[in-house]
Amino acid sequence: MPHSLIAQRYAKAIFELALEMNVVEEAKSDMDLISSICASNKDFILLLKSPVIRPDKKVKVMELLFRDKIGKLSMRFLMIITQKRREKFINEIAFEFINIYKKFKNIFTVHIETAQSISDELRKKVIALMEEQTKGTIELNEEVKKDLIGGFVILYDDYKYDDSISYQLRKLKKAAAEVNLYVSKI
């Protein structure tokens, strides 16, 4: 079974359980914490993926690491995952849980790439425009890419709007390459 499918199934299961127990917000903050620990601590990831370290040792490490930091549901879920030898998917499960939570709350993550950082006024306009377009709440991620030369690229869901100067130059170059100057028009 592909990794992402495993992560999606476990994330969906814990989300539905959190919804049923009315602890969705707590579970979401737990998954944020788990995700941030996985992102910042490569040794923890190596521990989770190691086939040499026994599951009971991994359970003890997770109990020490997450005790009093995450809710009972999330802690129990981590223990079950580890006992089932699926602990190497914990980071992916947390990521998928956060995606499910965002869909549930109608939150869209919009990624904008620009040649230079944008002003607060422009940021507010982009957020307002995207909220109108998506009919949801916008979480804006910004990235500065000098190779765009100017303009911007907006990415959300499966959509991409590229209005950068570098893209316009590539289109112009491609169009110019298609013109054959040696063909007589007579």
>> Looking only at the range 138-161, filter to residues that are loosely packed, with under 14 Cβ neighbours inside 10 Å and basic (Lys, Arg); which one of those is modelled with the highest pLDDT?
In response: Lys160
>> Name the single residue that is surrounded by the most Cβ atoms within 10 Å (Cβ to Cβ) among those in the range 39-80 being among the hydroxyl-bearing types (Ser, Thr, Tyr) and touching a helix residue (DSSP H, G or I) at 6+ places or on another chain (Cβ under 9 Å).
In response: Ser74
>> Quick check on this structure: which one of Lys12, Lys102, Lys28 is modelled with pLDDT of 95 or more and within 30 Å of Leu148 (Cβ to Cβ)?
In response: Lys102
>> Checking the condition in a helix (DSSP H, G or I), over 30 Å from Ile138 (Cβ atoms) and among the aliphatic types (A, V, I, L, M), which residue from Leu73, Leu33, Leu47, Leu17 passes?
In response: Leu47
>> Let me spell it out: the conditions are (1) under 18 Å from the mean Cα position of the chain (by Cα); (2) surrounded by fewer than 17 Cβ atoms within 10 Å (Cβ to Cβ); (3) touching a residue at least 24 places away in the same chain (Cβ under 8 Å), and Lys135 meets all of them except one. Which number is the exception?
In response: (1)
> Which residue, of Asp43, Asp32, is within 15 Å of Asn91 (Cα to Cα), touching a residue at least 40 places away in the same chain (Cβ under 8 Å) and not aliphatic (A, V, I, L, M)?
Replying inline: Asp32
>> Any residue that is out of contact with any helix residue (DSSP H, G or I) (no Cβ under 6 Å at 6 or more places or on another chain) and β-branched (Val, Ile, Thr) - is there at least one of those in the range 3-21?
In response: no
>> I need the helices (runs of 4 or more DSSP H) fully contained in the range 89-186, keeping only those with at least 3 residues that are under 30 Å from Leu46 (Cβ atoms).
In response: 90-104
> Only one residue in Asn141, Asn91, Asn99 is touching a Ser or Thr at 6+ places or on another chain (Cβ under 8 Å), assigned by TED's automatic domain parsing to the domain that holds Tyr10, in contact (Cβ under 8 Å) with a residue 24 or more places away in the chain and among the polar types (S, T, N, Q), so which one is that?
Replying inline: Asn91
>> Restricting to the range 9-38, and then to whatever is in contact with a Phe, Trp or Tyr (Cβ under 8 Å, 6 or more places away or on another chain) and of a type in the set (Val, Ile, Thr), can you tell me which residue is surrounded by the fewest Cβ atoms within 10 Å (Cβ to Cβ)?
In response: Ile37
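The values are calculated or read from the model by the stated rules, or taken from the named source; none is laboratory data. Note that the coordinates shown come from a computational prediction; the quantities given were computed from them, not determined experimentally. With ideal geometry, Cβ positions are generated from the backbone for all residues, glycine too; neighbour counts draw on all protein chains shown.
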